[in-house]
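Asks: Before I ask anything, here is the structure I am working with.
Read the figures in this text as sums done on the coordinates, not as results from a lab. Just so you know, these numbers come straight off a predicted model, no measurement behind them. All Cβ positions, glycine included, derive from the backbone under ideal geometry; neighbour counts span all protein chains shown.
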Amino acid sequence: MKSFVPVWLAIALALLSAAALKAQEDMRTVPNDAFVSPQRPPSVFVHDAHNEAAGIDECNQCHHVYRDGELVADESSEDQRCSDCHAEEAAGDGPPALMDAFHGNCKQCHLENGKGPVMCGECHQRQ
Ligand code: HEC
Ligand code: HEC
Ligand code: HEC
Ligand code: HEC
């Protein structure tokens, strides 16, 4: 029996990583579970289709890494939640608060490009 364990382990790991890949493909909205009591419906965001339509090819345009206050060009943080680094309440001169991080990322780029929604209800749509 013992020799079969690695096979099952390999299958389990394969299933797990398939599930992880699916998560981003299947994302339709930005999860709002990191907010203690969300005021709005979660923002529309069809992850892969959005990034393709917007012509964004670098993951770290959103999943960024900073070191000593400097953006690191060739590293990305898609294995972390935004909320791992951005707290709901910002502390002092640390990273911006979570809501500001999302609005700063999403809305800012839409404004700069003159493309993509900038009105509250266009992103926070009641389903
Ligand atoms: C470009 C899309 C976009 C626009 C426009 C936008 N938001 Fe958001 N907002 C987000 C995302 C993404 C989050 C992160 C959580 C989520 O999905 O709701 C967020 C989070 C929030 C939160 C914190 C979570 C909660 O539900 O309490 C509030 C409050 C909020 N937005 C209010 C607003 C208001 C008010 C406006 C208009 C002045 C606005 N947003 C416009 C994308 C957007
Ligand atoms: C326009 C911004 C943006 C770009 C570009 C982007 N992502 Fe994301 N991605 C997000 C947001 C927002 C989330 C949700 C983060 C959170 O919940 O904290 C996310 C979540 C994820 C997740 C977690 C999925 C889950 O359900 O747990 C993975 C994996 C991921 N992205 C991979 C990538 C990869 C790989 C690329 C580049 C090919 C990429 N992302 C490019 C915004 C982006
Ligand atoms: C590994 C930690 C980390 C993760 C994960 C992270 N950030 Fe940040 N982010 C930072 C730090 C640190 C700063 C402050 C940089 C500085 O010193 O100016 C920052 C700054 C920002 C800023 C303001 C400056 C800028 O680049 O526009 C925005 C907006 C932002 N983050 C959005 C996001 C979003 C959205 C996500 C998730 C998709 C995310 N961040 C994930 C660490 C992180
Ligand atoms: C680097 C630039 C950039 C960033 C960052 C970005 N967007 Fe966009 N977004 C665009 C562009 C460009 C379009 C218009 C694409 C097109 O022409 O169809 C767009 C379109 C959209 C649309 C309407 C089309 C659709 O896919 O439903 C939504 C909703 C949207 N963005 C939400 C978001 C949210 C939420 C975030 C933050 C998590 C975000 N965007 C971050 C550039 C960006």
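Asks: In bins 5 Å wide, starting from 0, what share of all Cα pairs of the chain does each bin hold, as a percent?
Replies: 2, 8, 14, 21, 18, 14, 8, 5, 4, 3, 2, 1, 0
Asks: Cut-off is 10 Å between beta-carbons; in what order do Cys120, Cys62 appear when sorted fewest neighbours first? Don't skip to the end; give the middle numbers.
Replies: Values: Cys120 11, Cys62 18.
Fewest-to-most Cβ neighbours within 10 Å comes out as Cys120, Cys62.
Asks: Distance in nm between label sites at Arg67 and Asp48, each 7 Å beyond Cα in the beta-carbon direction?
Replies: Each label point is offset 7 Å from its Cα along the Cβ direction, giving 3.1 nm.
Asks: Let me ask something additional. On full extension of the chain, what length is gained from Ile56 through Asp93, given 0.36 nm per residue of separation minus the C-alpha to C-alpha distance?
Replies: Stretched fully, the Ile56-Asp93 segment lengthens by 10.4 nm.
Asks: Now, a different point. Can you give me the angle between helix 98-113 and the longest principal axis of the chain, using Cα atoms only, in degrees from 0 to 90, rounded to the nearest 10?
Replies: Tilt relative to the chain: about 70 degrees.
Asks: Sticking with this structure for a sec: For the chain, what does the helix formula give at 222 nm: sum of -39500 (n - 2.57) over DSSP H segments with n ≥ 4, over the residue count, nearest 500 deg cm²/dmol?
Replies: Computed mean residue ellipticity for the chain: -11500 deg cm²/dmol.
Asks: Relative to the first principal axis of the alpha-carbon coordinates of the chain, what is the inclination of helix 5-25, with its axis defined by its Cα atoms, in degrees from 0 to 90 and to the nearest 10?
Replies: 20 degrees
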